[in-house]
1. Each label point is 7 Å from the Cα along the Cα-to-Cβ direction; what then is the distance between the points at THR200 and PHE177, in nm?
2. State which entries of LYS81/LYS123; LYS60/LYS154; LYS56/LYS198; LYS55/LYS198; LYS81/LYS150 exceed 23 angstrom in Cα-Cα distance in the structure shown.
3. Using a Förster radius of 30 Å, what is the FRET efficiency between GLU17 and MET133 based on their Cβ-Cβ separation? Nearest 0.05, please.
4. Loop-only trypsin sites (Lys or Arg not before Pro) in the stretch 110-155, please: DSSP not H, G, I, E or B, and at most 16 other Cβ atoms within 10 Å.
5. How much of the DSSP beta bridge set in the chain is antiparallel, as a percent to the nearest 5?
6. Please report, in cubic angstrom per residue, the volume enclosed by the convex hull of the alpha-carbon atoms of the stretch 126-172.
7. Looking at the chain, identify the longest residue range that excludes and avoids all chymotrypsin sites (Phe, Trp or Tyr not before Pro) in DSSP loops having at most 13 other Cβ atoms within 10 Å.
8. Once Rg and Dmax of the Cα atoms in Å is worked out from the coordinates, which option in [x] 17.7, 57; [y] 15.4, 43; [z] 18.5, 72 does it equal?
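Bear in mind these aren't lab numbers, they're just calculated from the coordinates by the rules spelled out. Since we're looking at a predicted model, the values are computed, not measured. Note that we place each Cβ from the backbone using ideal geometry, even for glycine, and neighbour counts take in every protein chain shown.
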Amino acid sequence: MKIRVEYHRGAGSIVNEPNLKQDYEEILSSLDEIRESELLDYFLKQKQDEKAAGKKNYRKSISDALNFFIRENLENQGWQKEPKIFKNPDYEAGAWRLDFAKNDICVEVAFNHREAVPHNMLKAVLSTEGNDMLEKEYISQIGVIITATKELKKTGNFDNAAGTFDDYVELLKPYSFFIRCPMIIIGLEGLETFYIDKKTKLPVRSTSQ
């Protein structure tokens with residue numbers, strides 16, 4: 001898939017350091033390898049499964065498909081899924097876990113509600129900084145957030161309340177005091193070969209193809 005990238009606190013240069021470069025390139029390749037035909041097939045299979053189970057037509061967006069292929073591609077390259085930030089068992093819930101991590105990079109895949117945008121960003125901060133009250137389970141040097149652009153939100157029929165690339169970028173300035181770690185925001189661009197119809201919740205081939 002095509003992407004849009006925003007760098008924070010020198011992340012564009014830092015990510016080329018020897019301990020980060022290869023792992024960051026794995027993230028980029030994991031996104032580049034996703035094909036729209038795969039997303040479409042996965043979405044249609046979900047539709048078939050819900051119909052066979054007698055469920056209503058509730059599957060509306062390609063977010064599950066994107067999560068599946070990002071997870072599969074990263075795990076195939078040795079990325080750890082859902083590592084804990086803190087060792088304390090009181091902080092083992094999903095809110096205190098990263099989506100993926102490898103060596104010095106942590107990754108959040110964020111297609112959820114825009115209200116979660118600040119916390120998604122701060123999870124990367126929590127993983128990069130020391131904590132006097134809680135012993136760390138995982139420590140990273142740089143955070144990467146993968147999210148949808150406005151175009152993908154529209155063509156992929158994401159919920160109206162879903163956060164986007166622009167929401168994350170907009171918060172970088174007012175939150176700069178808190179986001180002191182290098183951070184990279186990656187926005188997945190809109191679908192080109194099909195889109196999900198808002199009313200029918202079914203895929204439609206793009207006329208330009």
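1. About 5.2 nm separates the two model spin labels.
2. Working: LYS81/LYS123 15 Å; LYS60/LYS154 12 Å; LYS56/LYS198 15 Å; LYS55/LYS198 19 Å; LYS81/LYS150 27 Å.
Listed pairs above 23 Å: LYS81/LYS150.
3. Details: r = 30 Å, r/R0 = 1.00.
E between GLU17 and MET133, to the nearest 0.05, is 0.50.
4. Working: sites: ARG114, LYS123, LYS136, LYS150, LYS153, LYS154; in loops: none.
In loop regions of the stretch 110-155 (DSSP not H, G, I, E or B), there are no sparsely surrounded trypsin sites (Lys or Arg not before Pro).
5. Working: 17 of 29 bridges.
If I count the DSSP bridges inside the chain, around 60 percent turn out antiparallel.
6. Values: hull volume 5.6 nm³, N = 47.
It is 119 Å³ per residue.
7. Details: sites that count: TYR58, PHE177, PHE178.
No qualifying site falls inside 59-176, the longest such stretch.
8. Step by step, Rg and Dmax of the Cα atoms in Å for this structure corresponds to label [x].
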